[in-house]
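Taking it in order: structure first as structure tokens, then the write-up.
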Amino acid sequence: PTLTVLAAFAVTGCYPFGERTILTVDLYHQYCPFLVAFRNKVLAGESLFYSWNDGLGQEYYAAYANYAASPLNIFSLFFTAKTMPVFIEFVTCFRAGLASIFMLLFLSSNDNKRIDNITVVFSSSYALCGWFISFFWNIMWCDAVVLLPLIALGLKRLLLDRKVGLYIIALAIAISSNYYAGYFLCLFMVLFAPAYYVCLFSGEKPKGDPGRLCFKTFIGAAFRFAFSSILAAGASAALTVPT
């Protein structure tokens, strides 16, 4: 997927393969300028809470939380304001690769750790899905696509193995990266978790088995899910609450 997206940019003549950039619509008018502002603030040691760029100034923290809070944006510090379109092109290709890898891990975990042409095709298809192809220019939402398979993998470990670490960390990063897309991830997980529980647990297993489909294991799984989700939301509260 990384090479596929890169090839698409090359075919369309995006720099360094041509004289165009991938900046389009709001990516040109808003998102790229916000990245430049974030880069300048970090390198100059300025506060993320206020900006003097507009009029007599305005609060900046909410704009940062919505547009520039992705952990991958730290790499923008290695690019100048003039070459910021190159960074956006690079990180878009990189996100496609990460989405494919994380989906591969999720699919493999649900099929006896199988990794072959089938899992590679489906993980690549996820990374190059219609949403990503159509809306990759909404760069602040793309981390949600990248992290969703990792969150789902964390949910499986939470339900079956009672290990909550991966789920909490992945969901907290997703919400912190963009609270708007993070909200939809949370909504999806609320709908997905009960269905996934039914898929993972079996009523044919003997009583007392932690993988048995019954009221007791459902209540335990629901409690772990709710508690872990609250912890993930709390871990991102430093961004979401002030915003």
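The values are calculated or read from the model by the stated rules, or taken from the named source; none is laboratory data. Because the structure is a prediction, the values reported are computed rather than measured. Positions of Cβ are generated from backbone atoms using ideal geometry, with glycine treated the same way; all protein chains shown enter the neighbour counts. Accessible surface is based on the protein model in full, side chains and every heavy atom, while ligands, DNA and RNA are left aside. Shrake-Rupley method; radii C 1.70, N 1.55, O 1.52, S 1.80 Å.
Some observations on this one:
- Contacts under 9 angstrom Cβ, first residue in the stretch 116-142 being closer than 18 Å to ALA68 by Cβ, partner open to solvent by 40 Å² or more (accessible area, probe 1.4 Å) and among the hydroxyl-bearing types (Ser, Thr, Tyr), 6 or more apart: TRP137/THR24; TRP137/TYR28; ILE139/TYR67; MET140/TYR67; MET140/TYR180; TRP141/TYR180
- Of residues in the stretch 92-116 being among the β-branched types (Val, Ile, Thr) and in contact with a Ser or Thr (Cβ under 8 Å, 6 or more places away or on another chain), the one nearest to LEU48 (Cα to Cα): ILE101
- With respect to the conditions (1) modelled with pLDDT of 95 or more; (2) open to solvent by less than 50 Å² (accessible area, probe 1.4 Å); (3) more than 17 Å from PHE135 (Cα to Cα), SER109 falls short on a single one, namely (1).
- Single residue of VAL190, VAL145 found to be under 11 Å from the mean Cα position of the chain (by Cα) and modelled with pLDDT of 95 or more: VAL145
- Test: residue in the stretch 35-45 that is open to solvent by 70 Å² or more (accessible area, probe 1.4 Å) and not in a helix (DSSP H, G or I): no
- Complete set of residues in the stretch 86-103 that are without any contact (Cβ under 8 Å) to a residue 60 or more places away in the chain, open to solvent by less than 10 Å² (accessible area, probe 1.4 Å) and farther than 10 Å from THR2 by Cβ: PHE87, VAL91
- Residue in the stretch 18-33 that is under 19 Å from TRP137 (Cβ atoms), touching a strand residue (DSSP E or B) at 6+ places or on another chain (Cβ under 7 Å), of a type outside the set (Val, Ile, Thr) and open to solvent by 50 Å² or more (accessible area, probe 1.4 Å) present: yes
- Within the stretch 119-134, the set of residues being open to solvent by 90 Å² or more (accessible area, probe 1.4 Å) and at pLDDT below 95 comprises ILE133 only.
- Residues (open to solvent by 50 Å² or more (accessible area, probe 1.4 Å) and touching an Asp or Glu at 6+ places or on another chain (Cβ under 9 Å)) located in the stretch 1-15: LEU6, TYR15
Okay, residues lined up against (1) farther than 21 Å from ALA181 by Cβ; (2) charged (D, E, K, R); (3) under 16 Å from the mean Cα position of the chain (by Cα):
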| residue | (1), (2), (3) |
| --- | --- |
| ASN53 | yes, no, no |
| TYR60 | no, no, no |
| PRO71 | no, no, yes |
| ALA81 | yes, no, no |
| PHE94 | no, no, yes |
| LEU105 | no, no, yes |
| ASN112 | yes, no, no |
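- All positions within the stretch 190-243 that are open to solvent by 80 Å² or more (accessible area, probe 1.4 Å), of a type in the set (Val, Ile, Thr) and either touching a residue at least 24 places away in the same chain (Cβ under 8 Å) or not in a helix (DSSP H, G or I) (or both): VAL241
- Within the set GLY154, GLY165, the sole residue that is among the small types (Gly, Ala, Ser) and open to solvent by 30 Å² or more (accessible area, probe 1.4 Å) turns out to be GLY165.
- Within the stretch 164-185, residues that are within 17 Å of LEU153 (Cα to Cα) and in a helix (DSSP H, G or I) reach no partner that is modelled with pLDDT of 95 or more and among the aromatic types (Phe, Trp, Tyr) with beta carbons closer than 6 Å at six or more positions or on different chains.
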